[in-house]
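Working notes, structure below.
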Amino acid sequence: MNDKLIIAGKEFDSRLFIGTGKFASNKIMADAIEASGTQMVTVALRRVDIENPNDNMLAAIDRKKYLLLPNTSGARNADEAVRLARLARAATGITWLKLEVTPDPYYLLPDPVETLKAAEILVKEGFVVLPYINADPVLAKKLQDAGVATVMPLASPIGSNQGLKTKSAIEIIIAQATVPVIVDAGLGMPSHAAEAMEMGADAVLVNTAIAAAKNPVQMADAFKKAVQAGRQAFLAGGAEVKQQADASSPLTGFLRE
Amino acid sequence: MNDKLIIAGKEFDSRLFIGTGKFASNKIMADAIEASGTQMVTVALRRVDIENPNDNMLAAIDRKKYLLLPNTSGARNADEAVRLARLARAATGITWLKLEVTPDPYYLLPDPVETLKAAEILVKEGFVVLPYINADPVLAKKLQDAGVATVMPLASPIGSNQGLKTKSAIEIIIAQATVPVIVDAGLGMPSHAAEAMEMGADAVLVNTAIAAAKNPVQMADAFKKAVQAGRQAFLAGGAEVKQQADASSPLTGFLRE
Amino acid sequence: MNDKLIIAGKEFDSRLFIGTGKFASNKIMADAIEASGTQMVTVALRRVDIENPNDNMLAAIDRKKYLLLPNTSGARNADEAVRLARLARAATGITWLKLEVTPDPYYLLPDPVETLKAAEILVKEGFVVLPYINADPVLAKKLQDAGVATVMPLASPIGSNQGLKTKSAIEIIIAQATVPVIVDAGLGMPSHAAEAMEMGADAVLVNTAIAAAKNPVQMADAFKKAVQAGRQAFLAGGAEVKQQADASSPLTGFLRE
Amino acid sequence: MNDKLIIAGKEFDSRLFIGTGKFASNKIMADAIEASGTQMVTVALRRVDIENPNDNMLAAIDRKKYLLLPNTSGARNADEAVRLARLARAATGITWLKLEVTPDPYYLLPDPVETLKAAEILVKEGFVVLPYINADPVLAKKLQDAGVATVMPLASPIGSNQGLKTKSAIEIIIAQATVPVIVDAGLGMPSHAAEAMEMGADAVLVNTAIAAAKNPVQMADAFKKAVQAGRQAFLAGGAEVKQQADASSPLTGFLRE
Amino acid sequence: MTVLRINGEDKHFEILPATLANLLDLMKVDAATVVAEIDGQIIKKDDFDSAKLSASQKIELIRLVGGG
Amino acid sequence: MTVLRINGEDKHFEILPATLANLLDLMKVDAATVVAEIDGQIIKKDDFDSAKLSASQKIELIRLVGGG
Amino acid sequence: MTVLRINGEDKHFEILPATLANLLDLMKVDAATVVAEIDGQIIKKDDFDSAKLSASQKIELIRLVGGG
Amino acid sequence: MTVLRINGEDKHFEILPATLANLLDLMKVDAATVVAEIDGQIIKKDDFDSAKLSASQKIELIRLVGGG
């Protein structure tokens, strides 16, 4: 079976992307990344801690195996996001970018207007933009029209592990999409990821559910399998859902008079 | 990791059991069984079709690899179930039995009173009884006390593919169980199976969702992975579900004045 | 509109029954009963507290306005339930009985086998039996056949306020019912009661959601209205549920070129 | 109890607003409006049908009893919405406006960017703007900051009757709101409206669920009661939701040895 | 001292009350609100006066209370 | 023959109606229930009598209808 | 003509098969894959050869099929 | 004493480091892992050696960290 995910011309075998925040150690992070089978991991930009300047998590990531996807977390508006994007490119040479604009520090939900504005600027500057958005089908379409590489609607608030609370809106986004749809934020268990993939999502991004699991490495492997399971089920074509029962054993040949 | 499922003293590596009804051909059934990685498949008893006496699906199942679990489908009361159980044992030499008593031909839901009555008789006759039941925690406990080997609460009506409609009751059954809990009937997609396993179910039984998929073999592989994913997630210990967001990127070191 | 509920030949205008447990005072209970518009309230039987023998909640209930429905709460098997039923009849002269058999003190879920056994005995002794049951369609049918006056499937565990967790099973019970279906236990908010009524339930029984509300009297009035709303919506015939949008404003006559 | 809803300084006793589209006749519409107890109804602007110029639905609405809330349905961007708003004001003298910008004719979902842009213009022109939006907490906040009178997040796509599919996002909108939150679009049954009100929504707007019911007048009355029920339950303070059962009858004084 | 087992507890009496009605009086229980069993036999309210007691009987005094 | 574009369609008149009020009369549209635009400018009801028409104008006649 | 009731239907035989094994041969049913009841008594495969038949018996021939 | 504003905080130096590369050395920050801005202008790694510093400049030293 040849079932590659293609984003901006680049092929991926794995449809699971991993966020690198909140791991208890760089070692656990690296092992979880390995176990997940991912090919791309997100990273954030932050000021160097001057008191402790040499804690370098990047050393733990084998960049031959894993693409980096810098994000603009912390940006509260389009200007801050664009500034972070440019720094990320300067730092890494990478033009791919997970665009996040979250004005509210409590719910960390994305700003549709500023996200669109930043996306328009960054696409023009040659970035491959993967915007994190609310599950808003109209916004997803506007971003597509603006030239983003994917849309990344949220399942539920970041780090909440609540699962696919936006299912009906994501169904519409998928139905309308001309770019890959990556479900991001709030997927708390492998079954949530499988459900998103079964609906026809192209990929999922998971961070907290793995990093904050009691055993992150085992959980990463669980998500790997669930994403594969969900994708295969989507391709295999699910059986029809029925209101009534439908016997699995034959309805003839009963042992009766 | 040593994580065997043990039923009546017998060890299983796979936590997915497969029903063999409704496949389009014996070949597809055999391939799906293979792809699922299962170690036990259910079969039904029916009268030989005298016009076509030699259609033998059993020939397609490698009995060295797969245990047979005969069911009592078609039984409408305890007496009919006991009769079928004895015939199944005579036919196969197998004492394991999926006990089903479904008086109503429309919804095919199990009868709690007749199921308990049949279970008590069959346990005394030396059967290893795996009863199919409504998600009724009190009944599950009574069956445990009667000596059954597992309880098999339904997720939703047989063949309906509606998924885990009885979640809150199955949670209680699992919390009280002293025998393995196998979620049976109605699991329509791999995510449903994963969800059941994440809750702590010991195994699941799937038939229609695989047999009636457009590509049953691929769907069988999807269920295999989902069951593994769900089990591993249960063992790995899920991250906490939160009402609010919880940033996955650091909340310090922002690039601001 | 003439839309009476008829149970065992007796007509009810109100489709909301009220449990009298857990109120902070007899005065609040009486006011909540009044606000609810109910015509029947449940009561339990307990040993007289010998240290405090004269706390008489019955004095607070106007028996000209409200029928009493004694329950068998506390019974762990059929024998105990039958004993309580006979005592209740001796105490009150009332032959109506809410039959409860709950062997497990933690989840307080009903025992299907013992409930059926007790129902059969009590129907023969001339009781009007309203059995509290798990949402088990087969059991509901067996009880109907045994001559009970209603079936009372649970929405979720008693006092949990979780709402209608057993929706798909109750739909089947309603579809098969030849006696009124009263949804009991676990309805936590008026919307839950309305939902049950919209599905075609004949009535609901509510206790904890009212008694444990911050303002029980106002909550009782809220449930009264919600039950009426749900019943009327059932009779009015809901509009079709659609997967796509369907404009509420006209799709012609737009102000365009 | 004094529990008025106040929008832009105007007091409302009823928290149910009614859309006037899709009724089978003006007479049924008028009767349903009456039955609903509403004090404000939405209307659309359309070109006069030149072949049939005198079909005047407005004559059926008693404008002494019911405020008109013109909408901008049909507008695909901010410019069209502003044009319709000005026409509505010229036609009616009414400055209140339900702002709708829906570029996509299939799902009819609102455009966050164009809605915000139009709202900013219309607020400056003195309109009282009630914008219809996706359940996007960040957008709701931006609109608040722009001076709108309410926010009107959708429950599910217009006319779909799917109910409250956006519950978790609306909870956040309510938690952050400084203006009334009116849940609009997709509420299909009274229980859905009650649920929205129980969560703390200030009002709901219903059209299709009433207009397309088999008996619209009876359904209007059902929604009236459900909205009152939900509001009162919110004020009354719901009882705690528990994972386990909590007996409604006393746990002492059992009749045992 | 004689003993009656009332509601699951032994109660000691210097002089055994003659009837159930007497017992209720002694315990200050309003007879109108209770139902009783003596040794598993239900005693109707009308029979409280005539129901003789004897030592060691099991007596249950039951009443309606709030319940769901 | 002169033409007005009314509600997106060309309408031909032998003699151009002098005012918007005349046009509405001619079309049998109750002036009390409509609002109009001429070439994108809103015309208030009070100005219908004084609003002169000229050939080729774009006229929109709008009314409230049921909507959600 | 003698009759056996096989799987709920009357089957007529000019000459009654002597044993269950003979019957299965006649019907071309592979004995290895079935289990049988005669008048409600289960007959094990090993006993097919020795199980004598007589007229009017009720015979059930059962086999495993796909089921869930 | 001269001052540089580094990552939002004033840092005092007896002798101003001549270049960005010198500053990083002084602060023991591995130049390979950071990106810098001087007064809002991004400085590429290749230019760290040639980027002259002057008093009161705003310098941002940024690095990749774990994030979702």
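Where a number appears in this text, it was derived from the coordinates with a stated rule and is not lab data. Given the structure is predicted, the values throughout are model-derived calculations rather than measurements. Note that each Cβ is placed from the backbone with ideal geometry, even for glycine, and that neighbours are counted across all protein chains shown.
Some values worked out for this structure:
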{"read-out": "Where labels lie 7 Å past Cα in the beta-carbon direction, separation of E:His12 and G:Met1 in nm", "value": "9.3"}
{"read-out": "Span from the region G:1-54 Cα centroid across to the region A:187-257 one, whole angstrom", "value": "47"}
{"read-out": "Rh (Kirkwood; distinct C-alpha pairs) - chain G, Å", "value": "12.2"}
{"read-out": "Rg/Rh (Cα only; Kirkwood hydrodynamic radius) as it applies to region B:202-257", "value": "1.30"}
{"read-out": "Identity and axial distance of the chain A residue whose Cβ lies nearest the axis relating A to D, Å", "value": "A:Pro112, 2"}
{"read-out": "Long-range HN-HN contacts of A:Val43 with modeled amide H, under 5 Å", "value": "A:Leu69, A:Asn71"}
{"read-out": "Of every Cα-Cα pair in region B:149-257, the percent that sits beyond 18 Å", "value": "55"}
{"read-out": "Using a 7 Å Cα-to-Cβ projection, B:Ala59 label spacings across copies, nm, ascending", "value": "6.7, 8.2, 8.6"}
{"read-out": "Within-11-Å neighbourhood charge of G:Ala18 [Cβ basis; K, R +1; D, E -1]", "value": "-1"}
{"read-out": "Inter-chain shielding of C:35-48 (mean C-beta neighbours from other protein chains, 10 Å cut-off)", "value": "6"}
{"read-out": "Net +/- balance of residues flanking C:Ile33 in space, Cβ distance below 9 Å, scoring K and R +1, D and E -1", "value": "-2"}
{"read-out": "Label point 7 Å beyond Cα along the C-beta direction, distances from C:Lys214 to other copies (nm, shortest first)", "value": "3.6, 4.0, 5.2"}
{"read-out": "Inter-copy spacing of A:Gln244 label points, which lie 7 Å from Cα along Cα→Cβ, given in nm from shortest upward", "value": "3.0, 4.2, 5.1"}
{"read-out": "Region B:128-156 and region C:1-39: distance between their alpha carbon centers, rounded to Å", "value": "37"}
{"read-out": "Kirkwood hydrodynamic radius over Cα pairs of chain B, then Stokes diffusion coefficient at 10 °C and 1.306 mPa s, in µm²/s", "value": "83"}
{"read-out": "Förster radius 60 Å - calculated FRET efficiency between B:Arg256 and B:Ser14, Cβ distance, rounded to 0.05", "value": "0.65"}
{"read-out": "Unit Cα scatterers, Debye sum, region B:47-178: log10 I(q)/I(0) for q = 0.13, 0.16, 0.19 Å⁻¹", "value": "-0.58, -0.86, -1.12"}
{"read-out": "Highest-fluctuation residue, A:Val128, A:Val227, A:Val138 considered, GNM on chain A with Cα pairs under 10 Å", "value": "A:Val138"}
{"read-out": "Values of log10 I(q)/I(0), in the order q = 0.05, 0.06, 0.09 Å⁻¹, for the protein assembly as shown under a Debye, Cα-only, solvent-free model", "value": "-0.48, -0.67, -1.22"}
{"read-out": "Inter-chain Cβ neighbour average for residues D:139-151, partner chain, 10 Å", "value": "1"}
{"read-out": "Low-density loop cleavage sites - trypsin sites (Lys or Arg not before Pro) in region C:1-87, where at most 14 other Cβ are within 10 Å (DSSP)", "value": "C:Lys4, C:Arg63, C:Lys64, C:Lys65"}
{"read-out": "Total formal charge among the other residues, if their Cβ is under 15 angstrom from that of E:Lys45, Lys/Arg +1 and Asp/Glu -1", "value": "-3"}
{"read-out": "Among the listed pairs A:Lys141/D:Lys167; C:Lys224/D:Lys4; C:Lys22/D:Lys225, those beyond 25 Å (Cα-Cα)", "value": "C:Lys22/D:Lys225"}
{"read-out": "Cβ-Cβ FRET estimate between H:Ala32 and A:Asp55, R0 fixed at 22 Å, reported to 0.05", "value": "0.95"}
{"read-out": "Set of lysines with alpha-carbon distance to E:Lys11 below 16 Å, sequence-local pairs under 8 removed", "value": "E:Lys28, E:Lys58"}
{"read-out": "Relative intensity, log₁₀ I(q)/I(0), of region A:7-62 from a Debye sum that treats every alpha carbon as a point, q = 0.18, 0.29 Å⁻¹", "value": "-0.69, -1.28"}
{"read-out": "Interchain or long-range residues, amide H under 5 Å from G:Ile43's placed H", "value": "G:Ala36, G:Glu37, G:Ile38"}
{"read-out": "Per-residue ³J(HN,Hα) for region B:112-123, Karplus 6.51 cos²θ - 1.76 cosθ + 1.60, θ = phi - 60°, Hz, x for Gly and Pro", "value": "x, 6, 5, 5, 5, 4, 5, 4, 4, 5, 6, 4"}
{"read-out": "Computed Kirkwood radius, in angstrom, where 1/r is averaged over Cα pairs of region A:17-108", "value": "14.1"}
{"read-out": "Chain D: angle of helix D:167-176 to the longest principal axis, Cα-based, in degrees nearest 10", "value": "80"}
